[in-house]
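One structure is given here, and the rest of the page talks about it.
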Amino acid sequence: MDSLAALEQESIYILREAFSRIERLAMLWSMGKDSTVLLWLARKAFLGHVPYPLIHIDTSYKIPEMIQYRDRLVRELGLELVIGQNTKALAEGMNHTRGRLVCCTALKTEALRQVIDQHKFRAIIVGIRRDEEGSRAKERIFSQRSRNSEWDVSDQPPEFWDQYRTDFPLGEHVRVHPILRWTELDVWRYIEREKIPVMRLYFAENGKRYRSLGCAPCTSPCDSNAESVSQIITELSATRLSERSGRAQDQEHSHAMEKLRLRGYM
Amino acid sequence: MTRVAFVIVGHVDHGKSTLIGRLLADTGSLPDDRLERVRQICSELRKPFEYAFLLDALEDEQLQGVTIDITEVPFKWLEREYLIIDAPGHKEFMKNMISGAAHADAAFLLIDAGHGVQEQSRRHAAALRFFGIKEIAIIVSKMDQVDYSREVFEAIRVEYQRFLETIDVKAREFIPVSAVAGENVTARSSRMGWYMGPSVLEFLENLSIVSGATSGWLRLPVQDVYKFDDRRIVVGRVESGRLSVGTEIQVWPSKQRACVRSIERWPETGDTTTWAGVKAAVGFTLDQQLFVQRGDIIAEPAHSPRVSNFLAASVFWFGRAPLEPSGRYKLKLATLEREVEVFSVRRVMDSSSMEVRTGEVGICQNEVGDVVFRSSRPFVFDVANEIAATGRFVLLDGFEIVGGGIVQEAEDLYRRDYREGLPKSRSISPVQEAVTPADRAAAYGHKGHVIWLTGMPGSGKSTIARALERGLFDRDVKAFIVDGEKLRFGLSADLGFTELDRREQGRRAAEVALLFAQAGLVAIVALVSPFNADREYARILVGEEHFTLIHLYAPLAVLRERDPHGLYARAASDPAIRVPGLTALYELPEGMCLGFDTSVESIEHVSHAILDRVLAIIR
């Protein structure tokens, strides 16, 4: 078994553990490459089925092609989709000019919290990876969140021998991270090996492509000529820039992502 | 090609994160903007560039200058991929250190040249050994601060090597390093010309990875059973051996057998391999409708796992509250979960000072102890040195994981457990016997054996025991009854009828029966023995092949009418009288056992059935 197959098998094992141990389960789906791989892994784990709803947190500022792609896939695969949106904040005119962290907290963190409360979800499967940024590198595969979705990073439970924390007090929930150990390159190599369709936005057009997808105002494309998955793999093997360098909220200040994530951001 | 995971451990401030930062920087594994980010943070904090910040990403870690939790960073060097696991060195963060170390293939343990061997230097080595990491290299760090002195390096090497020997750990290398100056990290140092061994990266290049213990026998702990459509698909991960279409498997503890009909995959047009190997998360169907559930273990029929209500293990404890000698915990072994009770704690050792305590003691944080657990329902498991993945478990107290355990050879541990207090027993056991069991069997015409009759009072144990004794005697088999009353008037005169005393009574009966069996006789034990665990204890003590368990029963009305000792009559008027099965617990036997309803079947029929069975074994 090579390292990619080992990662795949581990992720399938984790998805099945979550499904077996936790009653009310949902998977966060941003339509990006990581969530796309996660959806593919779920269909592998459950033999073609997706036995839980997907959640899309719609900030209303997403790149329009992302929404079209979402609706098409839901139709084609017969997925159960829950859309989370902080309509109150949007009605009050929330946007990134009020401060990126303020905006992310209101439109993503808070919207997710509302969905979890409303549907009484006890576990949310999220496609984050350790190599994305520093605070995610510190994550557990099963990572507990308090009643207010807060993350206590200073006192995380032990996790070893593939024994995950699947029991926790009522009212709290757990974030399940099946692809935590994957790297950006692993994700693209897997997309290539499995021939998984991904959004056009990842491929270069006029010398630019998106390396990471988010809200339109806070996501910028990078210089690239990679027009195919294999060209992306070649490009990433040589790059000197990190994956999320085009994501404005990360650059806001030194520990921006950590601060967002302590409050429940994905 | 697989990714080699290695963990960096050692006492706090001995330079772990700095070494990793240096490794990443020197191998060109860091994006420019991430380096720039650290430069910016360091200037905000008015500090010189801090390699450690590349990993210690949390704000608290950077402000306090400590690693709180593990980080994993992949990097590539000369065509091989690695995963660096940075683990915290503080004693309070031991549980985090283990979370990182437990899945490493290899480990670097750092010792600061200026400060020498410290508490966590020792504790971490003990933890690495416990969690099964065999490839260990010692790095004597911050050599620049001792002027690259060979004497300092040698003194640490000698002292630490001596310690490692006491815990049976063999270090592959001792490497003197200065991460700040980059000496012996990538290339060999020119400042330490006296050192002939490899640099850190050279050590990694030459590292060959051996996987954990696996006998090669099939073990597949069942994770779930899916019925999304008309297929009934069993899912689980192959932890050892291989699962192949068309071969027969056996489900434990139910012992049912079936053949693997198909391996199910999605997309269906993809992989069509007819087998799955170690670490494969597999879904498959069987050719028979068996009742299979999460926690069962699927094995090949020729090599079965062990089944017992007792589990003997070495436990690493990191709970804030100690493991209590009679505490109750939840135990998770592969996909099995059981409520367990601590049956005994034999021996406890501090993982740093290696100080040992014995007697009925608890296990405190960061101590290792030998523990026997028991559960009312049996465990299915392997011994860790035979199959690692089904020979280890975690313990939970409430929602918290508070310890990890490695399964030891149960039989040895039981015997040691009870005989630890008798220093002479060790010197007695190895003495050559003048007459062997084979000599006795040849002379008597049969082997020794134990027939264990269990059942509620009045179920017919004594009557059947007498019929068996007569029947065996008439067939030239040397037999003798060990019954509850006989023991209670003599050997067990000090015991009452509390649960603890009943358990001890069971243990003594088992030991006495064992002596008779060793003498070549057939011992017939007639004892209520209400607890499964105690009957299983006897089975383990005597040995499966020399032990036959019989359960006698009858409807309660019949038992009341028989009432040989007037127990039911007394219990009716005195609530303080505890009758197993009526006012106290009587656990129905599980596992290998013959059962007879003595209200329906005659004494002759029951005793003949038992005689036939036992004679076939002992002759």
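A few points about this structure:
- Hits in region B:103-120 (condition: within 16 Å of B:Ser351 (Cα to Cα) and modelled with pLDDT under 90): B:Glu119, B:Gln120
- Counted as qualifying within region B:1-86 are the strands (runs of 3 or more DSSP E) with 3 or more residues that are touching a Phe, Trp or Tyr at 6+ places or on another chain (Cβ under 8 Å) and more than 10 Å from chain A (Cβ to nearest Cβ), namely B:4-10, B:80-86.
- Sole exception among (1) over 36 Å from the mean Cα position of the chain (by Cα); (2) surrounded by fewer than 16 Cβ atoms within 10 Å (Cβ to Cβ); (3) more than 14 Å from chain A (Cβ to nearest Cβ); (4) part of a helix (DSSP H, G or I) for B:Gln145, by number: (2)
- So A:Ser212, is it at the interface with chain B (Cβ under 9 Å from one of its Cβ atoms) and out of contact with any Pro (no Cβ under 7 Å at 6 or more places or on another chain): no
- The residues in region B:385-401 that are part of a loop (DSSP other than H, G, I, E, B) and either within 11 Å of another protein chain (Cβ to nearest Cβ) or modelled with pLDDT of 90 or more (or both) can be counted, and the count is 7.
- Subset of region A:102-146 [within 14 Å of another protein chain (Cβ to nearest Cβ) and more than 23 Å from B:Glu59 (Cα to Cα)]: A:Arg122
- Selection within region B:87-141 - touching a residue at least 60 places away in the same chain (Cβ under 8 Å), surrounded by fewer than 22 Cβ atoms within 10 Å (Cβ to Cβ) and part of a helix (DSSP H, G or I): B:Lys91, B:Glu119, B:Phe130
- Lone unmet requirement of (1) out of contact with any strand residue (DSSP E or B) (no Cβ under 8 Å at 6 or more places or on another chain); (2) touching a residue at least 60 places away in the same chain (Cβ under 8 Å); (3) of a type in the set (D, E, K, R) for A:Arg240: (2)
- Selection of region A:19-57 for residues being buried (at least 19 other Cβ atoms within 10 Å of the Cβ), away from chain B (no Cβ under 14 Å) and part of a loop (DSSP other than H, G, I, E, B) yields A:Trp29, A:Ser30, A:Met31, A:Gly32.
- Set B:Ile550, B:Ile540, B:Ile610: member being outside any helix (DSSP H, G or I), buried (at least 16 other Cβ atoms within 10 Å of the Cβ) and among the β-branched types (Val, Ile, Thr): B:Ile550
- Residue tally, condition at the interface with another protein chain (Cβ under 9 Å from one of its Cβ atoms), under 20 Å from the mean Cα position of the chain (by Cα) and more than 30 Å from A:His119 (Cβ to Cβ), over region A:152-193: 3
- Selection count, region B:162-206, where residues are polar (S, T, N, Q) and free of Cβ contacts under 8 Å to residues at least 12 places away in the same chain: 2
- The sole residue among A:Ser242, A:Ser230 that is touching a Pro at 6+ places or on another chain (Cβ under 9 Å) and either within 13 Å of chain B (Cβ to nearest Cβ) or modelled with pLDDT of 95 or more (or both) is A:Ser242.
- The residue that is modelled with the lowest pLDDT, among those in region B:282-334 that are closer than 22 Å to B:Val348 by Cβ and among the aromatic types (Phe, Trp, Tyr), is B:Phe310.
- Only one entry of B:Ser573, B:Ser529 meets the criterion of being closer than 14 Å to B:Arg502 by Cβ and either surrounded by fewer than 17 Cβ atoms within 10 Å (Cβ to Cβ) or within 35 Å of the chain's Cα centre (by Cα) (or both), and that entry is B:Ser529.
- Hits in region A:172-199 - residues which are hydrophobic (A, V, I, L, M, F, W, C) and surrounded by fewer than 22 Cβ atoms within 10 Å (Cβ to Cβ): A:Leu185, A:Ile191, A:Ile196, A:Val198, A:Met199
The values are calculated or read from the model by the stated rules, or taken from the named source; none is laboratory data. Quick caveat, the model's predicted, so the values are computed rather than measured. All Cβ positions, glycine included, derive from the backbone under ideal geometry; neighbour counts span all protein chains shown.
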